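Everything below concerns the one structure shown next.
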Amino acid sequence: MPTKKPRIQALLEQDIYLKFKKLCDQDMRSESQLGGKIITEYIKQYETIHGEIKIDE
């Protein structure tokens with residue numbers, strides 16, 4: 001089923017991509033799922049240190 005969630009694209013060095021792919025396999029997640037999890041966790045850590053990121057809508 002198609003999703004309406006926003007997409008991002010990232011360019012990685014080959015060795016970093018292969019390591020990322022290995023983590024996906026170990027965590028039994030797709031590249032998209034693990035990428036989303038990593039970004040979400042990074043934002044939570046950032047906001048813990050710097051405060052909430054305000055979004056102008």
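No value in this document is a laboratory result; all are computed from the given coordinates. As the structure is a computational prediction, the values presented were derived from the model and not from experiment. Glycine gets a Cβ as well: all are built from the backbone with ideal geometry, and neighbour counts include every protein chain shown.
Results, tabulated for the structure shown:
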item: Which labelled figure in (1) 72, 22, 13; (2) 34, 31, 21; (3) 53, 15, 11 is Cα extents along the principal axes in Å, once derived from the coordinates; result: (2)
item: On Cα atoms only, tilt of 14-27 relative to the major axis of the chain in degrees; result: 80
item: Lys, Arg +1 and Asp, Glu -1 on Cβ, resulting dipole of the chain about Cα centre, debye, nearest 20; result: 240
item: Cα-based helix-to-principal-axis angle, 31-50 vs the chain, degrees rounded to 10; result: 30
item: Gain on full stretching of the segment that runs from S32 to A10 - 0.36 nm per residue minus C-alpha separation; result: 6.8 nm
item: Length released on extending from K19 to I53, taking residue separation times 0.36 nm less the Cα-Cα span; result: 9.3 nm
item: Unsatisfied cross-links (Cα-Cα over 29 Å) in the set K5/K54; K19/K54; K21/K54; result: K19/K54; K21/K54
item: Set of aspartates and glutamates with alpha-carbon distance to K37 below 15 Å, sequence-local pairs under 8 removed; result: D25, D27
